[in-house]
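The values are calculated or read from the model by the stated rules, or taken from the named source; none is laboratory data. All values reported here derive from a predicted model rather than from experimental measurement. With ideal geometry, Cβ positions are generated from the backbone for all residues, glycine too; neighbour counts draw on all protein chains shown.
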Amino acid sequence: MNALVFLVLIVGLAALGWMVWTYMQQNAKLLATRTVEFAGGLRFEAHTFSVEMHQAAKCIKVSAQHGTMKVTALQGGTEQHHDGVSDIRLPAAGLRVAVVRTPVASDGRTAAQAINTFDIVFNAAGGLGAEPEAIVNASTAVVRLQGLPEPVAKSFQAFASRLTIWADKLTKFAEQDKAQALQAAQDAATAALEAQAKAEAAQAASAEKDAGSLDFAGQIAKWRKTAGFSGKYSEVGTHDKGGINWFIDLDPDGRITLHGNKHTVSTTLHGASIKALPKAIEIGVRDEYWSEGDPLLVFQVLQGSPPNERSTWQELLEAARNRVDISLRKGY
């Protein structure tokens, strides 16, 4: 009997030892981590997740088992819990990595579990400086690996430090590239505007040259046809390019056509201002849109004419203005 009890005790102790050994092995497997190098990168491996640095693609790859990964969209989207084994890539430029204690739920149900667990949080910058083919989900902003044992989280810290140094360097280069690209775009836009301005100036010069090539009589005939009258007194001045610089066409009844500064008007001298300048006569007239309080349209004509001719013209203009003003006051 004593031998049987002893045998049972031995078997029981062996079973208990096996159970303790199995538990320790399983627990060690759950807490085991390692960092390994592969061609073109570095990988941190844990039981429920792995994180890879891909140097050529300038991104990281996060792989996790069921229930471990949570993803939040860039533009304030809803959280997504990934079922099954999930892989996601994030741009390294602009990436921030943090190891934080697992937050306690508002109802407190996970408080006991959260005390000894940690989360690893990856904040992406929306694809800053990454190669397009490297980003599977460019809208991803936040990836959270949840409920990790404290030893695993602490082991990841060293890898996270290396990852942060690498990401910060890529972020600096990406920001410089972005600034250079922006400056290049601004320079290109400025050059395009300057080229457009030059083309428009050349077109305007060509049009002005074409206009100047018209014979004076033909151009004056067009203005007179538009005005509906031909003045008794007229003079024309030309500029260096051969076009008409100024033109005056006066009828004694007070009607007048004036051209200057690429602007032509046919009106009357009613209410006009007539001023003798040292080398020209300045005439201010009302056009058909004029109303009380509006400034007069000012033209300078007879530049280069002898003083006696300008004096004669001033007398003609003043006489015509007085004539039309008197006629309008008398109502005829």
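When Ala153, Ala185 are screened for being touching a Phe, Trp or Tyr at 6+ places or on another chain (Cβ under 7 Å), among the small types (Gly, Ala, Ser), over 24 Å from Lys262 (Cβ atoms) and modelled with pLDDT of 85 or more, only Ala153 passes.
Scanning the stretch 301-327 for residues that are surrounded by 18 or more Cβ atoms within 10 Å (Cβ to Cβ) and under 16 Å from Phe247 (Cα atoms) yields Val301, Leu302, Arg310, Trp313, Leu317.
Residues checked against (1) within 18 Å of Phe156 (Cα to Cα); (2) among the aliphatic types (A, V, I, L, M); (3) in contact with a Leu (Cβ under 9 Å, 6 or more places away or on another chain); (4) at pLDDT 80 or above:
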| residue | (1), (2), (3), (4) |
| --- | --- |
| Met24 | no, yes, no, no |
| Ala28 | yes, yes, no, no |
| Glu52 | yes, no, yes, yes |
| His66 | no, no, no, no |
| Gly76 | no, no, no, no |
| Ala92 | yes, yes, yes, yes |
| Val97 | yes, yes, yes, yes |
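Out of the stretch 167-194, which residues are surrounded by fewer than 13 Cβ atoms within 10 Å (Cβ to Cβ) and of a type in the set (Gly, Ala, Ser)? Residues satisfying the conditions are Ala179, Ala181, Ala184, Ala185, Ala188, Ala189, Ala191, Ala192. Checking each residue in the stretch 250-281 for being over 49 Å from the mean Cα position of the chain (by Cα) and over 18 Å from Asp325 (Cβ atoms) picks out Thr257, Ala276, Leu277, Pro278, Lys279, Ala280, Ile281. Yes or no: Ala197 surrounded by fewer than 12 Cβ atoms within 10 Å (Cβ to Cβ), within 23 Å of the chain's Cα centre (by Cα), modelled with pLDDT under 85 and in a helix (DSSP H, G or I)? It is true that Ala197 is surrounded by fewer than 12 Cβ atoms within 10 Å (Cβ to Cβ), within 23 Å of the chain's Cα centre (by Cα), modelled with pLDDT under 85 and in a helix (DSSP H, G or I). Here the stretch 237-259 is the region considered, the condition is being closer than 17 Å to Ser305 by Cβ and modelled with pLDDT under 90, and the residue that is surrounded by the fewest Cβ atoms within 10 Å (Cβ to Cβ) is His239. Scanning the stretch 274-282 finds one or more residues that are touching a strand residue (DSSP E or B) at 6+ places or on another chain (Cβ under 9 Å), closer than 25 Å to Ala217 by Cβ and either small (Gly, Ala, Ser) or touching a residue at least 24 places away in the same chain (Cβ under 8 Å) (or both).
When you look at Thr72, is it surrounded by 13 or more Cβ atoms within 10 Å (Cβ to Cβ), at pLDDT 80 or above and either at negative phi or in the same structural domain as Ser155 (by TED's automatic domain parsing) (or both), yes or no? When the stated conditions are applied, Thr72 does not pass them. Could you tell me whether Glu318 is among the acidic types (Asp, Glu), more than 22 Å from Val265 (Cβ to Cβ), part of a helix (DSSP H, G or I) and modelled with pLDDT of 90 or more? Spelling it out, it is not the case that Glu318 is among the acidic types (Asp, Glu), more than 22 Å from Val265 (Cβ to Cβ), part of a helix (DSSP H, G or I) and modelled with pLDDT of 90 or more.
Considering (1) among the charged types (D, E, K, R); (2) in a loop (DSSP other than H, G, I, E, B); (3) out of contact with any strand residue (DSSP E or B) (no Cβ under 9 Å at 6 or more places or on another chain), the lone condition that Glu288 does not fulfil carries the number (3).
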